[in-house]
Each structure stands twice: as C-alpha cells, then as structure tokens.
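Shown next, in structure tokens, is the structure this report addresses.
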Amino acid sequence: MNAELEEEEVGLDRLDQRRRQEQDRKHEESQATGIWTGSSDLEHDSINEERRGDSDREPAHVSLGQGNPVEHYSSFFEVPDAIYDKFPPHRKAIIVALLSFCAFLSPISSTSVLAATPEVAAEYSTDGSIINVVNAVYLLMMGISPIIWGPMSEVYGRRRINQISAVLFCGCSIGTALAPNLVAFFIFRILTAFQGTAFILVGSACIGDIYRPTERATALGWFMSGTLIGPAFGPFVGGIIVTYTSWRVIFWLQAGLAGVAAAGTFTALLPETIHQRKSDHLVGLGPRKRAVVLWSMVNPGRVLALLISYPNLAVASIASSAAIWNMYSLLTPIRYVLNPRFGLETPMQGGLFYLAPGFGYLVGTTVGGRWADHTVKKWIACRNGVRVPEDRLRAAVPFLGIAIPVCVLIYGWGVEENVGGIPLAVVTLFLQGVSQMFCFTCLNTYCLDVMQGRSAEVIAGNYFVRYSFACAATACVLPAVRAIGVGWFSTVSALFLVAAAASTLATIRWGKGWRDRVDAKRRVKRAADHAITSKELGEGKAEEGKGEEETGV
C-alpha cells in the first residue's frame, strides 16, 4: 500500500512538473511580447496594459488603461508559475511563521477575556451577559474590517497594511488595559478588533502570493494554526492570569505581543509579496481623477458585490460560518456550563478545557493542509492536468458534514445528561478541533485558488460572513443554553453544519458552471461598455474633424 501511494505521489509530482514547465514557457513568451499569456481571457484583456518599470513583480491584474480600475473578467485563471519562485523555501517559511504569529493576536484577544468575564463584569458593576455582548461586537467588527482592509491591501500592498495594523493593534490594546469604565473598555475593544482582522486577511493573501496552488494549503494550515490556537489557548492563559492577578494584565500581555509583531513587520522578515500593487495604476493622474479611481479600488462595496455575484463564494462563506459558529458556541459558555457541571471553582480550572480543542488544532495543522493539497493533486491527475478549484472542497465535506456534527451531538447531550463526565467532554472537544482545522484549511485555500487576482477581496468577503456568524454565536449561546439546554443548542449547531456540507457538495458539482455564467455576463457587459465608449470617441473625432473643416484648419 505504501509503495502504491509513493508511486502515485511521484506520478503527481511529474505531472505537476510538466505543467510548471508549460507555464514557464508561456511566461517567457509573455516577457518577450509584453503581454502575459497566462490565460486566454487575459490575453485579450491585457493588450493595453501599461508595463511597470519595476521588474521584480509580474502583472497579476488587468488594466483597462490609465485611470481605470483594475479588474479581472475571468474568475479563475492560472498565474505564471515562475512568480512563485521569487522567494526561496526557507524565506517563505520565515514569512509564514511571522504571519502566523501576527494572526495569533486578534483571535486570542477575542477569547482570552472569556475566562475573566465574571471579574470584568464585577469591576464594571454589570452582568456577564453584557461582557459577552462586548465580545460579540468585537467579533462583528472583525467581520466588518476585512471589507476595508482587503481592497486596501490590493492597492497599497500587504506589507504596509500589516505594519499599520500591528502598530494600531498595540496602541488599542494599551487603551483596553487602561480603560477606566465600561464605555472606554467597549470602544477600545472594538478598535482592537478592527485592526486585528487585517493580520488574518492579509496573511492569507500573502500565502496565496508566494505558494503554488498545489502547495499553499499546507502553508495555510500552519498559518491558520495561529488563528485557531489563539481562541483555544486564550481562555487558558486568561484563566491563569485572572487566578493570580488582575484581568488587565491580559491586555498588557496582548500589547507586548503586538509590539513584537509590529517590530517584525518593519524588518526584512516580512517583504512585500503582492505581485503588483494597484496603486501603480494611479501614477500620473490628476488629483480629482486619482481620487475617483482610488475610491473605485478601495470601495468596500467591491467585496460585497463579489460575494453576491458569485454563488460559489457565498456558499463557501456559509460553510466557513457553520464551522466558526460551532467553534465560538462551544468556547464561549465553557466557564458558565462546564465549571458548575463538574464542580470546578477557579478560572484556571475552567480554562483547562480550552486546551482540548487547542491541541486538536495543532494536530489538524500537521495533516489538514497536506490532506487538502493531496486531494487537489489527485483530482488534477484524474482530469489530465486540469485544475478545478472546487475539487479542493472535497477534502472538507466528510469533516464538515459528519465528523463535527457527530462530535457536537455527543458533547452537547453528554453534558446535558451528565454522561461520560470530563473525559467525554475533553475527547469530543479535541476531535472537533482536529476536524475544524481540516475544514478551515480547505475552505480558506479555496478562496485563494478560485480568484487569484482578487484573493484578498474574496478572503475579505468570507471573513465578513464568517465573523458575523461568530458574533451571533457569541451573543446568543449563553441565553440559548440557559433557555433550551446544551443538548438542544448543540443539535441546532449540528443541523447547521450538515446543511453547510450539503451546500458545499452542490458547489463541488455546479460551482464551475456558476462561475462561468457570471464571467460570461461580465464579459458581455464589458463588451457593451467598450462599444459605447468607442462610439462616443468616434462621434467626438467626427465633430472635431467637422469643426476643423469649417474653420479651414
């Protein structure tokens, strides 16, 4: 069996190598002609593209001429393979490590205060449900901010956005630690969330910039370990801090970590990874035209329009939302549900339960990305070298539709009926952590694969929907558990996951057709717009010629 698997992997590697060679040949031709021939759609769209003098980046976007927004009119195309060799493997590993550390900050901030919720509520003379509402709004802001940071990173580059976010995140963390009242606490928490999501969004886009599609899920798995380990280990760390000192120390620690991240982004550890900044297309424009074009590039409506236009992106976002709904609906009420159920008295004891999913995420990191990349390579071989982005989703379906729902039901009803005790709760939390990592890795990488020219915007839309559901889960889980019990709430979560798995299967089956139909409509609209523009230009020239004849010029 091992020999057969090794033979299959060798065959896939050879097929991948032949494909790379073919793309490199096309890339060399494009260098000579001045036109990037990565796809037939781009051959037509990039004829009038203004070439930059900066030779270390290849054009990854379509320009319709100076002063026009940069667009793609085909949702899926292959980026020239040579672009991914810009950085050596060890440099890529350093970039992923730094990005993962940065991405660790915002999620750990979203949950580290969970173990300290009663203490924070007591200091501000309020109820734990109010503090959970603050945490819910934190997650809502984490969902809103990507639709702003995503387009900005396409215009000004990944590195600059990471630097700005790291500095502001550090400052807002200090403000939270010093908050004298609930209003100040609320405001600084919201501002912290607004900065922190940029790490996750831009980090994912950076990995899409530097890793080939058949490799990036493995790298993204390691990157996402930071985004998922943060929520799991945050309450444990917060529990230790609250047990022995003030809850404000949580945010001083957070500020210190953010300072380290900020320092890393300003060094050579984090180079610019984007293939081409859209800001390059603003050079030479007047102030008024520049403002108009810049707004068209950074308008948050671009992200929402993209999400609405392409059903496959909407379905992927719902699938991610089901997984993160499950994640936060499990993590949020642990202190209130498991502590009294098992007779635990200190915040640190309750925080220990968060280690189970945390270690599950670590295990999932080591195998989830590899499993996703293996699935893609397998289907490329089955399709004779053709890569269809939706094939990656096949790796997520068994975990999204079977493994997680089963664990959710066992955990919820076990706690509800007081069956299995602590061991059953720990095991099911661990298995859910592993399964969630498989799902998140596949779904996030799909967003990078399916529209490589607008990957940051696709990821931004996904996070907008995802964290909106995380916000809802955080806000409603405690009242819902008190009203209907852990068992029935877990049943609702399980049904949501099964429905998401079914929609993911639909995307695998019909997603390519959905994309092709939307692309066709966009091309027809573009052709009509060009026809109108050409007609107006022709009429203008005719009027100009007529005027010259009348004046004798």
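The values are calculated or read from the model by the stated rules, or taken from the named source; none is laboratory data. This one's a predicted model, so the numbers in the text were calculated from it and none came from an experiment. Virtual Cβ from ideal backbone geometry, glycine too; neighbours counted across all protein chains shown. Each accessible area value is taken on the protein alone, full model and side chains, heavy atoms only, with ligands, DNA and RNA left out. Shrake-Rupley method; radii C 1.70, N 1.55, O 1.52, S 1.80 Å.
For region 376-391 versus region 167-181, the inter-centroid distance based on Cα atoms is 48 Å. In a DSSP loop and with at most 16 other Cβ atoms within 10 Å, the chymotrypsin sites (Phe, Trp or Tyr not before Pro) in region 228-300 are F266. Among K86/K521; K278/K512; K92/K525; K92/K278; K289/K512, which pairs are too far apart, with a Cα-Cα distance over 32 Å? Too far apart for the 32 Å limit: K86/K521; K92/K525; K289/K512.
For region 83-155, the direction-averaged projected area of the alpha-carbon convex hull comes to 6.9 nm². Our note on the geometry: Cα centres of region 102-116 and region 211-283, 11 Å apart.
Placing a pseudo-label 7 Å from each Cα along the Cα-to-Cβ vector at N181 and V524 gives an inter-label distance of 5.9 nm. Sorted largest first by accessible area at a 1.4 angstrom probe radius, with every protein chain in place, the residues C206, C471 fall in the order C471, C206. The 1.4 Å probe gives accessible areas that order I404, I94, I190, largest first, as I94, I190, I404.
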